[in-house]
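*Asks:* I'd like to ask some things about the structure below.
The values are calculated or read from the model by the stated rules, or taken from the named source; none is laboratory data. Nothing here was measured: the structure is a model prediction, and the numbers come from that model. Reconstructed Cβ throughout: ideal geometry from the backbone, glycine too, with neighbour counts over all protein chains shown. Only protein heavy atoms, including side chains, enter the accessible area calculation; ligands, DNA and RNA are left aside. Shrake-Rupley method; radii C 1.70, N 1.55, O 1.52, S 1.80 Å.
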Amino acid sequence: MKAPATSANVGPGYDIFALTLHEPFDEFEITLTGEPGIAITIDNNSQNIPTDPNDNTAGLAAMELLRARSPETGVHIRIIKHMCSGGGLGTTGASCAAAVFGLDRLLGLNLSWNEMVDFARKGEVASGGSPHADNVAAALLGGFVLVKSYQPMDVLKLELPDFPVVLAAIKKSQRTTRGFITYEIGQEKLKEQMARCARVIHAIHTHDIEEFGKAISQDYIHEPVRGAAIPGYWETKKRIIDAGAFGCTVSGGGSSVIAFCSQELQPEIAAIMQEAFSTAPGFAQVFQTRTTNHGVREISS
Ligand code: HSE
């Protein structure tokens, strides 16, 4: 199975928007075992991701699902890492999505997408302590997802046009920065924030990447905190926009940076990111990729 990177928040949509990327991705092999329990093994585990199911997002998501639907089942989850974790690429969400999607298929549960999202998001607690649904929903469904409601869990997939993306993958220095976010943004910023969420959705419906880029490039909730944690973020964002990109923001929980631009401009934006961030602590790689409407899926081994 293959589960894609996702970029959550997409500017103003804190915890309610995410989109799916064609690359990078992680691979997973999920097999049922003869006795109850969850075993996790990780190939290429250069970041020492925990394999105790209580501390691993795939393990916790699987545990939630099995406890509710099939307590006697045992499972082995093999994670083949290609992505760097802890960098705003939705890797923890990809793991949760793969575990739930795989178990649904293997056990013939026929869960609805909303049920899968609800189990999968509980796995996120093992990483950031919060069961946000944005990354797992995008990893499961592909495209652009809008969390319509958390109670009850209800997500909507919007088909995305093929938007070129440049992404600098940078690992966070702290485990999570959510705790530093302030929700007291005041009336003027609140109105602007809501307006921008509406603009993002409208831009997707009208396939307008320029408007999409403008709408995602301002956020008053998470970007002030996460942008401040990335050395050179604000100056580099300005350079990226001045060079002609449509928009730029922090990807997910940071510290990755995502920009949308024309295909012709991708190498130039990638070069700006490479120059600006390659010396940053936790820098991994700059990707020239694009959005996709495919979420987690089975691949032949
Ligand atoms: N919405 C989540 C956050 C995404 O901003 O913390 C984490 O990838």
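*Asks:* Do you know which residues across the stretch 146-165 are under 23 Å from Thr206 (Cβ atoms) and aliphatic (A, V, I, L, M)?
*Replies:* Filtering the stretch 146-165 down to residues under 23 Å from Thr206 (Cβ atoms) leaves 146-148, 155-165.
Hits for the stretch 146-165 are Leu146, Val147, Val155, Leu156, Leu158, Leu160, Val165.
*Asks:* When you scan the stretch 219-254, how many residues do you find that are open to solvent by less than 10 Å² (accessible area, probe 1.4 Å), within 13 Å of the ligand (Cβ to nearest atom) and in a loop (DSSP other than H, G, I, E, B)?
*Replies:* 5
*Asks:* Related question: Could you tell me whether any residue of the stretch 192-200 is under 26 Å from Leu156 (Cα atoms) and small (Gly, Ala, Ser)?
*Replies:* yes
*Asks:* Being more than 16 Å from the ligand (Cβ to nearest atom), within 26 Å of Thr176 (Cβ to Cβ), open to solvent by 10 Å² or more (accessible area, probe 1.4 Å) and outside any helix (DSSP H, G or I): is that true of Ile79 here?
*Replies:* no
*Asks:* Out of everything in the stretch 195-208 that is touching a residue at least 24 places away in the same chain (Cβ under 8 Å) and more than 19 Å from the chain's Cα centre (by Cα), what residue ends up being least open to solvent (accessible area, probe 1.4 Å)? Please lay out each step first, then the result.
*Replies:* Kept after step one, since they are touching a residue at least 24 places away in the same chain (Cβ under 8 Å), are these residues of the stretch 195-208: 196-197, 200-201, 204-205, 207.
Then drop every residue that is not more than 19 Å from the chain's Cα centre (by Cα), which leaves 196, 205, 207.
On the way: Arg196: 33, His205: 122, His207: 120 Å².
Looking at residues that are touching a residue at least 24 places away in the same chain (Cβ under 8 Å) and more than 19 Å from the chain's Cα centre (by Cα), I get Arg196.
*Asks:* Where in the stretch 1-71 are there strands (runs of 3 or more DSSP E), lying fully within it, with 3 or more residues that are in contact (Cβ under 8 Å) with a residue 40 or more places away in the chain and farther than 15 Å from Ala97 by Cα?
*Replies:* 17-33
*Asks:* Do you know which residues across the stretch 153-165 are in contact with a helix residue (DSSP H, G or I) (Cβ under 7 Å, 6 or more places away or on another chain), part of a loop (DSSP other than H, G, I, E, B) and within 14 Å of Gly295 (Cα to Cα)?
*Replies:* Leu160
*Asks:* Let me ask something else about it. Can Leu103 be described as open to solvent by 10 Å² or more (accessible area, probe 1.4 Å), away from the ligand (no atom under 13 Å from the Cβ) and not in a strand (DSSP E or B)?
*Replies:* Details: open to solvent by 10 Å² or more (accessible area, probe 1.4 Å): no; away from the ligand (no atom under 13 Å from the Cβ): yes; not in a strand (DSSP E or B): yes.
For Leu103, the condition - open to solvent by 10 Å² or more (accessible area, probe 1.4 Å), away from the ligand (no atom under 13 Å from the Cβ) and not in a strand (DSSP E or B) - is not met.
*Asks:* Search the stretch 84-100 for residues that are over 15 Å from Phe17 (Cα atoms) and pair each with any residue that is among the aromatic types (Phe, Trp, Tyr) when their beta-carbon atoms are under 9 Å apart and the residues are at least 6 apart or on different chains.
*Replies:* Ala94/Phe25; Ala94/Phe28; Ser95/Phe28; Cys96/Phe119; Ala98/Phe28; Ala99/Phe28; Ala99/Phe119; Val100/Phe119
*Asks:* Can you tell me how many residues in the stretch 255-301 are part of a loop (DSSP other than H, G, I, E, B) and open to solvent by 80 Å² or more (accessible area, probe 1.4 Å)?
*Replies:* Qualifying residue count for the region: 8.
*Asks:* In the stretch 149-185, how many are within 16 Å of the ligand (Cβ to nearest atom), out of contact with any Leu (no Cβ under 9 Å at 6 or more places or on another chain) and in the same structural domain as Ala276 (by TED's automatic domain parsing)?
*Replies:* Selection size over the stretch 149-185: 16.
*Asks:* Looking at Glu211, Glu188, which one is open to solvent by 50 Å² or more (accessible area, probe 1.4 Å) and either within 16 Å of the ligand (Cβ to nearest atom) or modelled with pLDDT of 95 or more (or both)?
*Replies:* Glu188
Per-residue answers, yes or no, for (1) over 13 Å from the mean Cα position of the chain (by Cα); (2) among the polar types (S, T, N, Q):
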| residue | (1), (2) |
| --- | --- |
| Asn56 | yes, yes |
| Ala68 | yes, no |
| Gly74 | yes, no |
| Arg78 | yes, no |
| Met83 | no, no |
| Gly86 | no, no |
| Leu89 | no, no |
| Ser95 | no, yes |
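*Asks:* Which residues, counting only those in the stretch 114-152, are open to solvent by 20 Å² or more (accessible area, probe 1.4 Å) and not in a helix (DSSP H, G or I)?
*Replies:* Within the stretch 114-152, Gly129, Pro131, His132, Leu146, Lys148, Ser149, Tyr150, Gln151, Pro152 qualify.
*Asks:* Which one of these does Val136 not meet: (1) within 13 Å of the chain's Cα centre (by Cα); (2) more than 13 Å from the ligand (Cβ to nearest atom)?
*Replies:* All conditions are met except number (2).
*Asks:* Does Gly87 satisfy the criteria of being touching a strand residue (DSSP E or B) at 6+ places or on another chain (Cβ under 6 Å) and modelled with pLDDT of 95 or more?
*Replies:* In short, no.
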